[in-house]
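This report refers to the structure that appears directly beneath it.
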Amino acid sequence: MSKFAKKKDGEVPAVSTASLPDIVFMLLFFFMTVTVMKDSSLKVENVLPNASEVKKLEKKDRVIYIYVGKPTKEYEKTFGTEPKIQLNDKFASPSEVGDYILMERAKKPQEIQNVLTTALKVDKNANMGLISDIKQELRKVNALKVNYTTYEGDAFNNLQ
Amino acid sequence: MARRAGAPEVSAGSMADIAFLLLIFFLVTTTIETDAGLDRMLPPMEPPTEAPPIIKEKNIFTVNINRNGQLLVENEILSINDLREKAMAFLDNGGAASGSPDYCSYCKGKRNADSSDNPTKAIISLKNDRETKYSTYITVQNELVGAYNDLRNREAKRLYGKDYVAMEAEYLNPETEDSVKEELKDKVTRIQGLFPQKLSEAETSSE
C-alpha cells in the first residue's frame, strides 16, 4: 500500500514531448506555403495612388511588374531625383521596357504567354510623360493588358 | 536524492498549446498580399494604312487634363468631383429617336439629341499632358471606370438583382466553382455588352 501513497505526493510526471516536432513542422509548412519571396528590392520611392474601382490581380505567375518612381535616398546621388523606371533590380530607360517584356514573356510557360498582365507600380508623384513612353513601348511589343496598381481607398485623396 | 541534485525537468505539456496559439495568431493576421488596381487595355498599334473610323462628334466625350491637374470636359472647365456624374449622363443619354436602329431601350438619361446616341456608340476620349501628375490621372481614370461601373450596377440590379461589380469579382475569383462561373459568364458579358467600356487614350501632348 505504501507504494500508492508515495506516488501521490511525488513530482509531476514528465509530459511526453514526442508531438512537438509535429507541431513545429506544421508551423514550418504553414509559413512555407504562405511566404512569397520578394524577388527584387525597391530602388525607387513607391507610394501608390488610391483608387476605389479596383480589381484584384489574381495569379501572380501571370504578372510582369514595372516600377516607376524617384530613386531612393541612397541612389539619389548617382541617378538624380527625376522619376526613373526600375526593371527587376536595375534602373532602365523607357526604350528598354520592350526588351524586358519580351524577355520576361519568354521565361513564362507557353500556354500563359498570351494572357500576361503588366502591372505598373507607379509612384503618385511621377509624371505622365514617362508613363506614356512606357505605354507606347508596351504597345510596340503587344503587351496590351495593363494594371495600374493602386491602394484601395478614396481616389480624391490623391489630389491633396 | 539523485534526481533532486540534477536540474529539474521542465514540464513541456503546455508547449503544444503555445504552438497552437501562435499558429492561430498567424493564421488570423497573415494577409496573403494580393495587388489590386485598375485594369486597362491599351489600343493595339494600328497599321498606318488604315483610315481611322468616322465617329460622330456627339458620340465622343472629351476629357483633357492639363499640367496643373485641371480638367477640360467637352470644352468646359469641370471640377474632378463632378466628372463621374457628367460621364454617366453622357453614357446613359440614349439620344437616338425611338424607332431608329440605335435606340436605347434601357437608358434612363435625358435623351438629348446633341449627346450620345447609344451607350454602345459612346466613346470617352482621354488626353493628358506630359507634365500631368500620375495621381491626377489615376483619379480621372478611377472616376471614368466608376461611371461605367455605376451604370452596369444599375442594369445588373434590374436584370439579376445583383451588383455587377460583385458578380464580376466572383467570376474572376479562381476559387469559384466552374458551374457557377459558367452561369456568371453569360450575365457578365451581357451587362458588359449593354455598357461597353470604350475609353480611348490619345497620345500625350508635349506642349
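The numbers here are math on the coordinates, done by the rules we state, and not lab data. Please read these numbers as outputs of a predicted model, since none were measured by experiment. For neighbour counting, all protein chains shown are included, and Cβ atoms are generated from backbone atoms with ideal geometry for every residue, glycine included.
Largest GNM mean-square fluctuation across B:Met45, B:Met88, B:Met167, computed for chain B with C-alpha springs under 10 Å, falls on B:Met45. On the beta carbon distance between B:Ile24 and B:Ala97, with R0 = 56 Å, the FRET formula returns roughly 0.30.
Pop the C-beta distance of B:Glu9 and A:Thr33 into the FRET formula with R0 = 41 Å and round what comes out to the nearest 0.05.
Result of the calculation: an efficiency of 0.75.
Relative contact order of segment A:42-114: 28 percent, from C-alpha pairs under 8 Å at least 6 residues apart in sequence.
Label separation (B:Glu175 vs A:Lys90): 4.1 nm, computed from points 7 Å beyond Cα along the C-beta direction. For segment A:61-77, the Karplus equation 6.51 cos²θ - 1.76 cosθ + 1.60, evaluated at θ = phi - 60°, returns couplings of 6, 9, 10, 10, 9, 10, 9, 9, x, 5, x, 6, 3, 5, 9, 4, 5 Hz by residue, with Gly and Pro reported as x.
Take the residue pairs A:Lys59/A:Lys145; A:Lys55/A:Lys135; B:Lys108/B:Lys181; A:Lys60/A:Lys140; A:Lys60/A:Lys135; B:Lys157/B:Lys185 and return only those whose Cα atoms are more than 26 Å apart. Pairs exceeding the cut-off: B:Lys108/B:Lys181. For a straight C-alpha distance cut-off of 18 angstrom, the aspartates and glutamates reachable from B:Lys58 (same-chain residues fewer than eight places away being disregarded) are B:Glu74, B:Glu76, B:Glu85, B:Asp92, B:Asp102, B:Asp114, B:Asp117, B:Glu201.
Amide H contacts under 5 Å for A:Tyr65: A:Ala119, restricted to partners 5 or more places along the chain or on a different chain, H placed in the peptide plane at 1.01 Å from N.
For segment B:57-201, what does the relative contact order come out to in percent, with C-alpha contacts under 8 Å and a separation of six or more?
On the way: 215 pairs, mean separation 36.5, N = 145.
Value for segment B:57-201: 25 percent.
Only helical runs count toward this figure. For the protein assembly as shown, summing -39,500 (n - 2.57) over DSSP H runs of n ≥ 4 and dividing by all residues gives -11500 deg cm²/dmol at 222 nm. Extension gain for the segment A:Ser41 to A:Glu82, taken as residue separation times 0.36 nm less the Cα-Cα distance, is 12.8 nm to one decimal. For segment A:137-160 versus segment B:73-130, the spacing of their alpha-carbon centroids is 24 Å. For segment A:143-151, putting each phi into the Karplus relation 6.51 cos²θ - 1.76 cosθ + 1.60 with θ = phi - 60° gives couplings of 9, 8, 8, 10, 10, 7, 5, 9, 8 Hz, in residue order, rounded to whole numbers and with x for Gly and Pro. Think of chain A as having a plus end and a minus end, set by charges on the Cβ of Lys, Arg, Asp and Glu; of A:Asn114, A:Ser16, A:Met128, A:Ser16 sits farthest toward the positive end of this dipole.
For chain A, what does the alpha-carbon gyration tensor say about shape, rounded, prolate or oblate, given a ≥ b ≥ c as the root eigenvalues, a/c under 1.5 as rounded, and a/b over b/c as prolate? Since a/c reaches 1.5 and a/b is larger than b/c, the shape of chain A is classed as prolate. Within the listed set B:Ile124, B:Ile24, B:Ile54, the residue fluctuating most in the Gaussian network model of chain B (springs between alpha-carbon atoms under 10 angstrom) is B:Ile24.
What list of whole percents do you get for P(r) of the protein assembly as shown, with Cα-Cα distances grouped in 10 Å bins up to the one holding the largest distance? For the protein assembly as shown, the pair-distance distribution reads 4, 18, 25, 22, 12, 6, 5, 4, 2, 1, 0. Take the Cα of B:Ala89, step 7 Å toward its Cβ, do the same at A:Ser19, and the gap between the two points is 6.9 nm.
Once C-alpha pairs closer than 8 Å and six or more residues apart are averaged by separation and normalised to the residue number of segment A:50-159, the relative contact order reads 39 percent.
Across segment B:102-116, coupling constants 3J(HN,Hα) worked out from phi with the 6.51/-1.76/1.60 Karplus curve, θ = phi - 60°, read 8, 4, 10, 7, 9, 6, 10, x, 7, 6, 7, 5, 8, 10, 4 Hz, and Gly and Pro carry x. When a/c reaches 1.5 or more, the comparison of a/b and b/c decides; with that in mind, is segment B:36-79 rounded, prolate or oblate per its Cα gyration tensor? Note, shape of segment B:36-79 comes out oblate. The spread of Cα positions in segment B:57-201, taken along each principal axis and listed from longest to shortest, comes to 49, 41, 21 Å. Using the Cβ-Cβ distance between B:Ile77 and A:Asp154 with R0 = 30 Å, the FRET efficiency computed as 1/(1 + (r/R0)^6) comes to roughly 0.85. Loop-resident chymotrypsin sites (Phe, Trp or Tyr not before Pro) (DSSP state other than H, G, I, E or B) in segment B:129-207 with no more than 16 further Cβ atoms inside 10 Å of their Cβ are absent.
Can you tell me the 0 to 90 degree angle between the C-alpha axis of helix B:15-29 and the longest principal axis of chain B, rounded to 10? So the inclination is approximately 10 degrees.
In a DSSP loop and with at most 15 other Cβ atoms within 10 Å, the trypsin sites (Lys or Arg not before Pro) in segment A:53-106 are A:Lys59.
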